[in-house]
Amino acid sequence: MNKRSEYISLSRDQTCSIAEEMAAGAATGDIYCLSGELGCGKTVFAKGFGKGLGVRAEITSPTFTIVNAYEASAQRLPFYHFDAYRIERLEAMDDTGYEEYFYGGGVCLIEWAERIQEIIPPGAVWIRIEKDFSQPEDFRRIISGGETF
Ligand SMILES: Nc1ncnc2c1ncn2[C@@H]1O[C@H](COP(=O)(O)OP(=O)(O)OP(=O)(O)O)[C@@H](O)[C@H]1O
Ligand SMILES: [Mg+2]
């Protein structure tokens, strides 16, 4: 699954669809790490990804809460959506109870994962979203399958 792939997205909807497709291949215990600058589309990606896992609730940014947990009911697997943007020190992650999510029975997706890379388990899938200023404003390059950000 950690094969390197590159996708081009030209709209918010395309990013959602790419993420939705990627979620179809997700399995228990998988950790997806998203990196990329402010506003590049990490939360958009998370929305599509959650949809792909069958989450029915609206997926919103967990910036202030660090993690939003969508436990399995109708959906295929529990979905744990993190945003590490506000993590200043690694110890602050302990308060989130992250280990139960990382090593639980669901799928984790972590925005700003590069900020907490010390605690990311080996085998996580890194996904980088890049803008390209030589391209139209909504252009994004989505590179998945690297070993780190
Ligand atoms: N191809 C695209 N893919 C995703 N989002 C796009 C694309 N083109 C334009 N956008 C816009 O870029 C913005 C992405 O916002 P989003 O909140 O997903 O970014 P983010 O990476 O999560 O930011 P933050 O670092 O603040 O969490 C949205 O306003 C979205 O409509
Ligand atoms: Mg975000």
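Tabulated results
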item	result
Other-chain or far-sequence residues with amide H under 5 Å of Leu77's (modelled H)	none
Exposure proxy ranking, count of Cβ atoms within 10 Å, fewest first, for Val67, Val44	Val67, Val44
Under 5 Å, built H, 5+ apart or other chain: amide partners of Ile110	Tyr32, Cys33, Leu34, Phe82
Using θ = phi - 60° and Karplus 6.51 cos²θ - 1.76 cosθ + 1.60, couplings along the range 56-61 (whole Hz; Gly, Pro as x)	8, 5, 6, 8, 10, 5
Which of Phe139, Phe64, Phe49 has the fewest Cβ neighbours within 10 Å, and the rest in rising order	Phe64, Phe139, Phe49
Convex hull of Cα atoms in the range 5-146, direction-averaged projection (nm²)	8.0 nm²
Positive-end residue, the chain charge dipole about Cα centroid, Cβ charges, pick of Phe102, Ile87, Ser9	Ser9
Per-residue Cβ neighbour rank within 10 angstrom, fewest leading, Ile8, Ile110, Ile59	Ile8, Ile59, Ile110
Phi to ³J(HN,Hα) by Karplus 6.51 cos²θ - 1.76 cosθ + 1.60 over the range 94-100, Hz, x for Gly, Pro	4, 5, 7, x, 4, 4, 5
Residues of type aspartates and glutamates that Lys42 reaches as a straight line, Cα spacing below 14 Å, ignoring anything fewer than 8 places off in the same chain	Asp13, Glu20, Asp83, Glu111, Glu114, Glu130, Asp138
For Cys40, residues with placed amide H under 5 Å, excluding near neighbours	none
Part-to-part distance (alpha-carbon centres) for the range 94-149 and the range 1-35, which is given in Å	10 Å
Simple label model, 7 Å out from Cα along Cβ direction - Asp94 to Arg4, nm	3.7 nm
Cα-projected label distance for Thr65 with Gln135, points at 7 Å along beta-carbon direction, nm	3.3 nm
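Any read-out appearing in this document is the output of simple, stated calculations on the displayed coordinates, not a laboratory observation. All figures in this text were calculated on a predicted structure; none of them were measured in a lab. Glycine gets a Cβ as well: all are built from the backbone with ideal geometry, and neighbour counts include every protein chain shown.
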